[in-house]
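Derivation of every value follows stated rules applied to the coordinates shown; laboratory data play no part. Note that this is a predicted model, so its numbers are computed, not measured. Counting neighbours? That spans all protein chains shown, and the Cβs are built from the backbone with ideal geometry, glycine included.
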């Protein structure tokens with residue numbers, strides 16, 4: 001496997017071609033952004049932490065029959081993945097009211113929802129990744145009805161798996177974002193990452209935020225929060 005030219009650079013990752021047309025290399029960056037790129041900075045070792053955290057989650061999901069793009073880790077900040085064509089939808093699962101949902105529904109942050117809520121957002125930076133529904137998706141041809149149904153099924157299943165796992169780690173999964181892609185055989189694979197960049201994690205005892213909200217809201221101890229999540233995922237957490 002040989003790393004070749006840069007294919008794409010986003011806010012948090014770089015994607016490189018390889019000598020295998022079915023495989024890519026993803027490099028995790030330390031760059032941090034918030035509010036549609038209006039706030040920018042760096043978080044020390046964020047790339048390393050996010051890669052390892054995401055790999056733990058992806059391996060867990062693979063064990064529970066969720067297919068992902070992950071092949072293997074090749075360095076502290078790089079992984080080898082299956083090439084997929086990303087479906088331009090962000091699938092967001094919410095268990096507790098926070099962020100935009102709390103504002104939109106007039107709920108106090110921290111309110112536990114009666115049941116998980118799944119939302120779709122259109123992946124388009126110029127439009128600000130707007131919230132959309134199935135009719136908008138059909139109008140724009142972003143996904144078929146069958147694909148949309150599978151994204152919902154996968155989203156709720158992943159939410160259940162992660163919640164059961166994180167409960168043992170004394171971590172509350174407030175909400176999180178998923179991205180999926182199609183491989184060369186049109187199979188849907190979980191892609192992107194699952195990390196403190198894409199999830200809201202709270203400490204189960206104190207509700208302390210252990211995710212990128214510490215960067216967004218200038219709460220400090222940002223690197224320490226990422227490190228704490230990784231430490232808990234790798235170890236059993238007692239009372």
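One table, with the values for the structure above:
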quantity	calculated
Sites residue 20 and residue 187, calculated FRET efficiency, Cβ-Cβ separation with R0 25 Å, nearest 0.05	0.90
Computed lengthening from residue 207 to residue 40, 0.36 nm per intervening residue step minus Cα-Cα distance	57.6 nm
Calculated FRET efficiency for the pair residue 111/residue 133, C-beta based, R₀ 25 Å, to 0.05	0.65
Prolate/oblate/rounded call for the chain, Cα gyration tensor, a/c under 1.5 rounded	rounded
For the range 3-82, alpha-carbon Rg over 2.2 N^0.38 Å	1.16
Choice from 181, 220, 106 showing the highest fluctuation, given a GNM over the chain with Cα pairs closer than 10 Å	106
Gaussian network model of the chain, springs between alpha carbon atoms under 10 Å - residue of 179, 52, 109 with greatest fluctuation	109
Within a Gaussian network of the chain (alpha carbon springs, distance under 10 Å), most fluctuating of 89, 190, 61	61
Length-normalised contact order of the chain in % [C-alpha pairs under 8 Å, at least 6 apart]	18 percent
Mean separation of Cα contacts under 8 Å (6+ apart) over length of the range 31-157, as relative contact order %	17 percent
Förster radius 41 Å - calculated FRET efficiency between residue 5 and residue 156, Cβ distance, rounded to 0.05	0.60
Gyration tensor verdict on the range 99-175 (Cα atoms; rounded if a/c is under 1.5, prolate if a/b is larger than b/c, oblate otherwise)	oblate
Ranked 211, 218, 30, criterion: other C-beta atoms within 10 Å, fewest first	218, 30, 211
The range 1-33 and the range 116-150: distance between their alpha carbon centers, rounded to Å	25 Å
Ranking of 3, 212 by count of other Cβ atoms within 10 Å, fewest first	3, 212
100, 54, 195, 184 arranged by Cβ crowding within 10 Å, fewest neighbours leading	184, 100, 54, 195
